[in-house]
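The values are calculated or read from the model by the stated rules, or taken from the named source; none is laboratory data. Quantities reported herein were computed from a predicted structural model and do not represent experimental measurements. We place every Cβ from the backbone using ideal geometry, glycine too, and count neighbours over all the protein chains shown.
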Amino acid sequence: MPFQGRDRGPRPQMVRPPDPTRSPKGVDRGRGCPRLRDALCPDSIADVPDRELLAAVELFADLRPDEIDAIAEAAAIRILNRGDVLFVEGDDPHELFVVVSGRVAIANRSIDGRESVLALMERGDLFGEMPLFDNLARSAEARALEPSEVIALPYEPLRQLYELRPALLWKVVALLAGRIRNTDEALADSVFLDVTGRTAKRLLELSGDADEFSLPVTQEELAGMVGASRERVNKAIASFIRLGWIEQSDRRYRITNREQLERRAR
């Protein structure tokens, strides 16, 4: 559903022998990758993309088995730790991603550092596809909210495929239409729902069909999803607890009155 040091002038440079515990780009192996857009952790790449998962992605639903094989051959699996950033707004894009496991937040940041979480991506969800079609820079940030695995698919094999079979672009139209509908819904929520209503709606979305669930995001990230301050979101949750609609223990929640919570989210 996201994320540098000050130049103090020249310093004496020391020549050191190569460190086998570090990658060529200087990323410590075994310590995770806080930033993956410039260099990939050698230990964070697997090599066998899930072809069945790719075939189930809406954008690839009409591809033949040999075409799925072709894009899978060009793909790589990235293993992410919580907080790892795949790309940020303004990056030069070269690939899109499909979530295998975990959760990835798509977010924007204001100049003063405030964050708005635009979407949560889970298993089977595709993101980072827009530059494939408009050749523009990244419009948002993608950050792992928990240990996650994603398939990275380079743009070029997909461009070649669409040039050979233009009829496949109807799936692109359907995907982008879905994105617009989601944006319309988010805009309507911001106009017609107050912070309490939007908080109720996000909790219901995060719970799915389960009455008991663990919040997969921090309170700050939840506030970014709601589009309000952390204090106002916490106040809304406290009101749900006081009314007996939910129970909370740390990051675990139990919905005790789903009907009332759903009414408040409308």
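Hey, any hits in the range 239-248 for a residue that's under 21 Å from the mean Cα position of the chain (by Cα) and buried (at least 20 other Cβ atoms within 10 Å of the Cβ)?
no
Tally up the residues in the range 242-256 that are farther than 17 Å from residue 195 by Cβ and in contact with a helix residue (DSSP H, G or I) (Cβ under 8 Å, 6 or more places away or on another chain), please. Can you show your working first?
Within the range 242-256, the first condition is being farther than 17 Å from residue 195 by Cβ, and the residues that meet it are 244, 247-256.
In the following step, the residues that additionally are in contact with a helix residue (DSSP H, G or I) (Cβ under 8 Å, 6 or more places away or on another chain) were identified as 247-248, 253, 255.
Total meeting the criteria: 4.
The condition (being modelled with pLDDT under 90, aliphatic (A, V, I, L, M) and more than 20 Å from residue 173 (Cβ to Cβ)) is satisfied by just one residue among 117, 100: 117. Exactly one residue out of 207, 214 is modelled with pLDDT under 90, under 16 Å from residue 103 (Cα atoms) and touching a Phe, Trp or Tyr at 6+ places or on another chain (Cβ under 6 Å), and it is 207.
All conditions in (1) out of contact with any Gly (no Cβ under 9 Å at 6 or more places or on another chain); (2) surrounded by fewer than 16 Cβ atoms within 10 Å (Cβ to Cβ); (3) farther than 30 Å from residue 130 by Cα hold for residue 233, with the sole exception of (2). For the range 141-177, the candidate set comprises residues that are among the acidic types (Asp, Glu) and assigned to a strand (DSSP E or B); within that set, the residue that is farthest from residue 67 (Cα to Cα) is 141.
In summary, strands (runs of 3 or more DSSP E) completely within the range 51-127 and bearing 2 or more residues that are of a type outside the set (Gly, Ala, Ser) and touching a Leu at 6+ places or on another chain (Cβ under 6 Å) occur at 95-101. Only residues that are of a type outside the set (S, T, N, Q) and surrounded by 11 or more Cβ atoms within 10 Å (Cβ to Cβ) were counted in the range 152-184, giving 20.
Yes or no, residue by residue, for (1) in the same structural domain as residue 164 (by TED's automatic domain parsing); (2) more than 22 Å from residue 165 (Cα to Cα); (3) surrounded by fewer than 19 Cβ atoms within 10 Å (Cβ to Cβ):
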| position | (1), (2), (3) |
| --- | --- |
| 62 | yes, no, yes |
| 69 | yes, no, yes |
| 74 | yes, no, yes |
| 99 | yes, yes, no |
| 104 | yes, yes, no |
| 108 | yes, yes, yes |
| 113 | yes, yes, yes |
| 129 | yes, no, no |
| 134 | yes, no, yes |
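Selection of the range 56-89 for residues being within 20 Å of residue 179 (Cα to Cα) and not aromatic (Phe, Trp, Tyr) yields 56, 57, 58, 59, 61, 62, 88, 89. All told, residue 195 meets the bar of being of a type in the set (Val, Ile, Thr), surrounded by fewer than 19 Cβ atoms within 10 Å (Cβ to Cβ) and either at pLDDT below 90 or under 27 Å from residue 83 (Cα atoms) (or both).
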